[in-house]
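Asks: Here it is: the structure, laid out below.
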Amino acid sequence: MTELDWSSLKPEKVVRNDLGECSMFYVSLSGLGDFLIFHFRGRVDYVKVMRPFPGKWDCLNALYNPSGLFAYDLGRGPFLEVIRKKMEAIGVAEGL
């Protein structure tokens, strides 16, 4: 299981909320803005990276929301770096 240590990304703000089926992180990064990170644990840990959306922020709504990108921890390097690349890809798609 992967523990997410956000200090390497130097966030302005991190708020964690354990939702039972997953953990939700509200992460604010300078230059990239605010993100919701839903961390799911299982045989393979994965996250869904997305912008804050209207409505209830829970695990099921995150999975069914069509926006956002998934990242899987396959043990091929630092998982937070993969998450950061997804955040940057969302920023590029939005023209940031």
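Only the coordinates and a few stated rules stand behind these numbers; no lab work does. This structure is a prediction, so every number in the text was calculated from the model and none was measured.
Asks: Provide the gained length on full extension for the span ASN17 to ASN65, in nm with one decimal, where the gain is 0.36 nm per separating residue minus the Cα-Cα distance.
Replies: On the way: separation 48, 0.36 × 48 = 17.28 nm, distance 1.87 nm.
Contour length minus the Cα-Cα distance gives 15.4 nm.
Asks: Could you give me the ³J(HN,Hα) list for segment 14-22, computed from phi with Karplus coefficients 6.51, -1.76, 1.60 and θ = phi - 60°, whole Hz, x at Gly and Pro?
Replies: In residue order, the calculated couplings are 9, 10, 9, 9, 7, 10, x, 6, 7 Hz.
Asks: Here is a follow-up. Using helices alone, what [θ] at 222 nm do you get for the chain, with -39,500 (n - 2.57) per DSSP H run of 4 or more residues, divided over all residues and rounded to the nearest 500?
Replies: Working: 2 runs with 21 residues, N = 96.
Here the helix-only value at 222 nm equals -6500 deg cm²/dmol.
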